[in-house]
1. So which pairs qualify, if the first residue must be in segment 131-143 and closer than 13 Å to Gln215 by Cα, the second must be of a type outside the set (S, T, N, Q) and outside any strand (DSSP E or B), the Cβ gap must be under 6 Å, and the two must be at least 6 apart or on different chains?
2. Just to be sure I understand, how many residues within segment 68-122 are hydroxyl-bearing (Ser, Thr, Tyr) and within 23 Å of Gly21 (Cβ to Cβ)?
3. Condition test on Ser166, is it among the small types (Gly, Ala, Ser), at pLDDT 90 or above and at negative phi?
4. How many residues does segment 1-19 contain that are within 27 Å of Phe64 (Cα to Cα) and of a type outside the set (A, V, I, L, M, F, W, C)?
5. Answer yes or no: is there a residue in segment 86-101 that is within 24 Å of the chain's Cα centre (by Cα), outside any helix (DSSP H, G or I), polar (S, T, N, Q) and under 19 Å from Pro31 (Cβ atoms).
6. Scan segment 200-257 for residues that are hydrophobic (A, V, I, L, M, F, W, C) and exposed (fewer than 12 other Cβ atoms within 10 Å of the Cβ) and jot them down.
Amino acid sequence: MAYIAQDSRAVQMMKSLSKSGKKLFLLTNSPWMYTDILMSHVMGKTWQQLFDVVIVEGNKPKWFLQDIPFKEVDPATGSERVGSHSGPLRKGEIYSRGCASDFKQRMGLAGKDILYVGDHIFGDVLKSKKTGGWRTLLIVPELDREMKIWASQKAKFNELISLNDSLSASESAEGIVKKETLKEISKITEEMEAEYGLMGSLMRCGWRQTHFASQLKKYADLYTYNAYNIAEYSPLHYFNSPILLLPHEEKFMQTSHKSEKEECDEEDT
C-alpha cells in the first residue's frame, strides 16, 4: 500500500472545478521542495497550473490566528526572497507564511465563500471555522473502514437503542431488571467495539458518540474519507445538511405522526 496514494480522478476534478469558475488554492505547512515532489507524484509535473494560489510553510493553525505577511519563494532553491510580498496573489508564483485575514482580503473573499479541505480536526477544520467562518470539509480516511463495519453492526446498534429505550421506561422496575439490561448493553457494546480492533471505533462507543465525532459534527460542514469523492458531484452541486430536530421537537413529531397514522387507519376502516 502506497504511503501517498494516487487517484485517477485528481487532475480531472481540479480542472472541472476550475472550469466552473472556482478558485483553487493549496495551503500546506510543508516546505516548497517537499511539496513539489509530493504534488508532482499525485497530480503530475504541471500540478501548479491546477491551482490559482500556492502557499507553503503556512504554519497552521497559527496561520488562521496571526497577522503575518506573505513572502515569495524561489522555486529553484526553495528559499524565501528578501522582503514581504505586496499586491495580489498571482497564479504560478509560490508564497510562504501569510495569514487567513490577509488571504481573504487579497482574494476578495468572505469566509462563507471558501471551502477549506483538510485532514486535521484542530489545525485545519476547527481553527478555520472558529476564526474565519470558513466552510469546511474534513477528510477522515478511517471512515471508509468504519462504514463497512457499521453496515455489518447495524442490527446490534438497533438492539442497543431498544435496550436503552426499555431502560428509560423502567424507572419503577426492580433494580435487578435494570442491572440485567445494563449488563446486556455492556456486552453488546464490547462485541461491537471488538469489530473495530484494539482502538475501537473513531466515531462511537456503543451508541454514544466519541469526542471526535462531536467535534466533527460541530465544526465540519462536510466530511468524507477521500477528497476526490467530490468528483462524484457536479461542481455546481449545493450540499445541504438535513434539518436536525431538538429532543422535544422529535418527541412532538413522533406524536404527530402517530396521530396521523391512527386517523388514516380509522378512515380505511
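1. Every condition considered, the pairs that remain are Thr136/Val125; Thr136/Lys129; Thr136/Ala220; Thr136/Asp221; Leu138/Val125; Leu138/Ala220; Val140/Tyr225.
2. The initial filter retains those residues of segment 68-122 that are hydroxyl-bearing (Ser, Thr, Tyr), namely 77, 79, 84, 86, 95-96, 101, 116.
Right, trim to within 23 Å of Gly21 (Cβ to Cβ) and you get 95, 116.
Qualifying residue count for the region: 2.
3. Numbers: among the small types (Gly, Ala, Ser): yes; at pLDDT 90 or above: no; at negative phi: yes.
So Ser166 does not fit the description; no.
4. As a first pass, look at segment 1-19 and keep what is within 27 Å of Phe64 (Cα to Cα): 4, 10, 13-14, 17-18.
Next cut, of a type outside the set (A, V, I, L, M, F, W, C) only: 18.
Adding up the residues that qualify gives 1.
5. No, segment 86-101 contains no residue that is within 24 Å of the chain's Cα centre (by Cα), outside any helix (DSSP H, G or I), polar (S, T, N, Q) and under 19 Å from Pro31 (Cβ atoms).
6. Taking segment 200-257 as the starting set, the residues that turn out to be hydrophobic (A, V, I, L, M, F, W, C) are 202-203, 205, 207, 212-213, 216, 220, 222, 227, 230-231, 236, 239, 243-246, 252-253.
Answer for segment 200-257, where residues must be hydrophobic (A, V, I, L, M, F, W, C) and exposed (fewer than 12 other Cβ atoms within 10 Å of the Cβ): Leu236, Phe239, Ile243, Leu244, Leu246, Met253.
Here is a yes/no grid of residues against (1) touching a Leu at 6+ places or on another chain (Cβ under 8 Å); (2) part of a helix (DSSP H, G or I); (3) outside the structural domain of His120 (by TED's automatic domain parsing):
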{"residue": "Ile149", "(1), (2), (3)": "no, yes, yes"}
{"residue": "Leu163", "(1), (2), (3)": "no, yes, yes"}
{"residue": "Val177", "(1), (2), (3)": "no, yes, yes"}
{"residue": "Glu184", "(1), (2), (3)": "yes, yes, yes"}
{"residue": "Ser214", "(1), (2), (3)": "no, yes, yes"}
{"residue": "Lys217", "(1), (2), (3)": "no, yes, yes"}
{"residue": "Tyr223", "(1), (2), (3)": "yes, no, yes"}
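Matching residues to (1) in contact with a strand residue (DSSP E or B) (Cβ under 7 Å, 6 or more places away or on another chain); (2) surrounded by 19 or more Cβ atoms within 10 Å (Cβ to Cβ); (3) over 22 Å from His120 (Cβ atoms):
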site: Tyr34; (1), (2), (3): no, no, no
site: Ile37; (1), (2), (3): no, no, no
site: Thr46; (1), (2), (3): no, no, yes
site: Asp52; (1), (2), (3): yes, no, yes
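The values are calculated or read from the model by the stated rules, or taken from the named source; none is laboratory data. Note that the structure is a prediction, hence the values are computed from the model and not measured. Don't worry about glycine lacking a Cβ; one is built from the backbone with ideal geometry, like all the others, and counts go over all protein chains shown.
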